[in-house]
Amino acid sequence: MDDAGRWASVRMRASWRGRHVSGGERLVPRAHVTTTASRLLARAASAGHTDRVTLTVDEISAGALVTAPALDVRTVCVADPTEGRALATAALRDLGVAEYPCGAAMSLLASGPSPNGGPMRGAVIMDHLSGSRLEPNSERGVRVSRVDMQPEDRARVRALAASERFVDALILASKVASLGCVIADLGWSDDPEYTPGYVASAARGYERFTHLKDTGSPFGGRVYFVDAATFDAAADVARLEAQPTVIALSEGLRLETVPVEIPGRFV
Ligand code: WAQ
Ligand code: MG
């Protein structure tokens, strides 16, 4: 059968005694399924103790794929999280996010946005004017999925960026920014060693701040600020979670990354 133009979702989940250990998802042309599957299995194998690894390959039905542009990237070097959060707040305010939701989002991410105080699997959805939380399940959040770049484009960005985490975050943020109801997206990692974070939007692109939290903090997350007047909970959450989307690099993509030493790693 001819694989040309056909894509698949390849997902891996590794667990030990029922607890999640490692996972990953890629959306790739059919010709890349085998290579992608073995890379994900290698990731599971290097993740420590596991007693179950599940690999799922789903064909993407013809015509279901949509394309969205990659956001331009700019890195802002800051001295510490205080300066980073102040500049991230200024970017959010410039995009039209009201003062209260900016502060509410920062404190949620700083302390663990789940109602039990821990990290969420997905993102908070917040009204950009009132700060109300609009995600259907506030313990889990909305998990963006089914999004990737063409393997050649991913490799091109990866070569410029020196951090896979950044490439993954750019791909997710580019899908999120493509929804008309999204005003801005704020995020930083829950990995205690990874301090950079971002503010992303269709209007300003993907702005990275080299520190949005202190080293050692296990708290992080993502907040998608939406215009509540146009946000459609069922349709927009379904798009974020399930609409297969390829993020396209234009020839003129601006990827202005300033290399910065972060303790222990090179971003
Ligand atoms: N969809 C929605 N939210 C997610 C997803 C997803 N697919 N993946 C993670 N999250 C949320 C969830 O609440 C996590 O606890 C939180 O984000 C952090 O996840 O250098 O690495 O994978 O430009 O730790 C941003 C800066 C890195 C990158 C973000 O997030 C850069 C990061 P992590
Ligand atoms: Mg993490």
Next item on the list: Please turn the phi angles of the stretch 90-103 into ³J(HN,Hα) values with the Karplus equation 6.51 cos²θ - 1.76 cosθ + 1.60 (θ = phi - 60°), one per residue in order, whole Hz, x for glycine and proline.
Entry: 4, 5, 5, 4, 4, 7, x, 6, 5, 4, 4, x, 4, x
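Taking only DSSP H segments of four or more residues, each worth -39500 (n - 2.57), what value at 222 nm results for the chain once the sum is divided by all its residues, to the nearest 500 deg cm²/dmol? Write out the running numbers ahead of the final one.
Numbers: 6 runs with 75 residues, N = 267.
Dividing the helical sum by the residues of the chain leaves -9000 deg cm²/dmol.
How much net charge surrounds Ala64 when only the other residues with a Cβ under 13 Å from the Cβ of Ala64 are counted, with Lys and Arg +1 and Asp and Glu -1? Kindly include the intermediate steps, with their values, before the conclusion.
Working: positive: Arg6, Arg146, Arg239; negative: Asp58, Glu59.
Once positives and negatives cancel, what remains is +1.
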Notebook entry, point to check: Out of Val142, Phe225, Leu27, whose Cα points farthest toward the positive end of the dipole of the chain (charges: +1 Lys, Arg; -1 Asp, Glu; placed on Cβ)?
Noted result: Leu27
Note to self: Using Stokes-Einstein with the Kirkwood hydrodynamic radius over Cα pairs, what translational diffusion coefficient do you get for the stretch 6-64 at 4 °C and a viscosity of 1.567 mPa s, in µm²/s rounded to a whole number?
What the structure shows: 110 µm²/s
Next item on the list: Return a whole-number percent for the relative contact order of the stretch 69-223, with Cα pairs under 8 Å and 6 or more residues apart as the contact set.
Entry: 33 percent
Checklist line | Order of exposure, largest accessible area first, which applies to Trp16, Trp188 with probe 1.4 Å | finding: Trp16, Trp188
Checklist line | Over the stretch 1-98, relative contact order from alpha-carbon pairs under 8 Å, at least 6 apart, % | finding: 29 percent
Notebook entry, point to check: What residues qualify as long-range amide H neighbours of Ala248, i.e. H under 5 Å apart, gap of 5 or more or another chain, H built at 1.01 Å from N?
Noted result: Ala68, Ala70
Check: Residue by residue through the stretch 24-38, which ³J(HN,Hα) values in whole Hz follow from phi under the Karplus form 6.51 cos²θ - 1.76 cosθ + 1.60 (θ = phi - 60°), with glycine and proline marked x?
Finding: x, 9, 10, 10, 9, x, 3, 5, 9, 4, 5, 4, 5, 4, 6
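Quick check: with the 1.4 Å probe, what order do Glu251, Glu135 take by accessible area, largest first?
I get Glu251, Glu135, largest accessible area first.
Quote to one decimal, in nm, the extra length available between Ser132 and Arg165 on full extension: 0.36 nm per residue of separation minus the C-alpha distance between them.
Numbers: separation 33, 0.36 × 33 = 11.88 nm, distance 2.91 nm.
Going from the current span to full extension adds 9.0 nm.
Filter the trypsin sites (Lys or Arg not before Pro) in the stretch 7-92 to those in DSSP coil with at most 10 other Cβ atoms within 10 Å of their Cβ, and list the result.
Working: sites: Arg11, Arg13, Arg17, Arg19, Arg26, Arg30, Arg39, Arg43, Arg52, Arg74, Arg85; in loops: Arg17.
Answer in residue order: Arg17.
Over the chain, what is the relative contact order in percent, taking alpha-carbon pairs closer than 8 angstrom and at least six residues apart?
On the way: 569 pairs, mean separation 64.0, N = 267.
In percent, rounded to a whole number, it is 24.
The values are calculated or read from the model by the stated rules, or taken from the named source; none is laboratory data. Worth saying up front: this structure is predicted, and the values here are computed from it rather than measured. When we count neighbours, we look across all protein chains shown, and the Cβ atoms used for this are built from the backbone with ideal geometry, even at glycine. Heavy atoms of the whole protein, side chains included, go into the accessibility calculation; ligands, DNA and RNA do not. Shrake-Rupley method; radii C 1.70, N 1.55, O 1.52, S 1.80 Å.
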